[in-house]
Amino acid sequence: MTGQGGGRLTTHVLDTAEGRPAAGLALTLARLDGTDRRVLGRFHTNADGRCDAPLLSGEALRPGHYEILFHVGDWRAAHGAPGVGFFEDIPIRFRVADPHGHYHVPLILAPFGYSTYRGS
């Protein structure tokens, strides 16, 4: 898949228990190289459950393996629901093959499960 211009990595988090975007959820982006894990940035979702800018874009998005770590337990605690749900942190690991593509990694969140896919 080849996109227009430089590539980009985005995310979107939806809270299905509340039926709305997961606003204020912290996440960490890392690049994985074998056993090495290098943190590239820390972000928070906005009122729409998205980050205000791509997590990576242009030349910063290179082929390789990445992980977005969603800090769900901290988010639930900050929103008055500590101890609710099963997951503390949700790691999503994926591979970027085409640095010019758009890689969208949504997280559909529920208290006792989640799903994800490569979106557009």
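The table below lists the values:
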read-out	value
Selection status of A81, free of Cβ contacts under 8 Å to residues at least 12 places away in the same chain and farther than 21 Å from R38 by Cα	yes
Test result for P106, in contact with a Phe, Trp or Tyr (Cβ under 8 Å, 6 or more places away or on another chain) and at pLDDT below 95	no
Evaluation of L14 against (1) loosely packed, with under 12 Cβ neighbours inside 10 Å; (2) of a type in the set (A, V, I, L, M); (3) closer than 18 Å to S120 by Cα (one fails), failing number	(1)
Whichever residue in region 85-107 is of a type in the set (A, V, I, L, M) and touching a residue at least 60 places away in the same chain (Cβ under 8 Å) and, among such residues, is surrounded by the fewest Cβ atoms within 10 Å (Cβ to Cβ)	V96
Failed item, numbered, when A110 is tested on (1) buried (at least 16 other Cβ atoms within 10 Å of the Cβ); (2) under 22 Å from D48 (Cβ atoms)	(1)
Residue among G58, G24 that alone is of a type in the set (G, A, S) and either closer than 18 Å to T116 by Cα or surrounded by 14 or more Cβ atoms within 10 Å (Cβ to Cβ) (or both)	G24
Filtered residue count, region 7-27, keeping only those that are on the phi < 0 side of the Ramachandran plot and without any contact (Cβ under 8 Å) to a residue 40 or more places away in the chain	4
Region 23-63, subset more than 20 Å from L109 (Cα to Cα) and hydroxyl-bearing (S, T, Y), residue nearest to the chain's Cα centre (by Cα)	S57
Test: residue in region 46-53 that is touching a Ser or Thr at 6+ places or on another chain (Cβ under 9 Å), assigned to a loop (DSSP other than H, G, I, E, B) and surrounded by 13 or more Cβ atoms within 10 Å (Cβ to Cβ)	yes
Of residues in region 29-39 being at negative phi and out of contact with any Phe, Trp or Tyr (no Cβ under 8 Å at 6 or more places or on another chain), the one surrounded by the most Cβ atoms within 10 Å (Cβ to Cβ)	R37
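The values are calculated or read from the model by the stated rules, or taken from the named source; none is laboratory data. All values derive from a computational prediction rather than experimental measurement. As a convention, Cβ positions derive from the backbone with ideal geometry for all residues, glycine included, and neighbour counts pool all protein chains shown.
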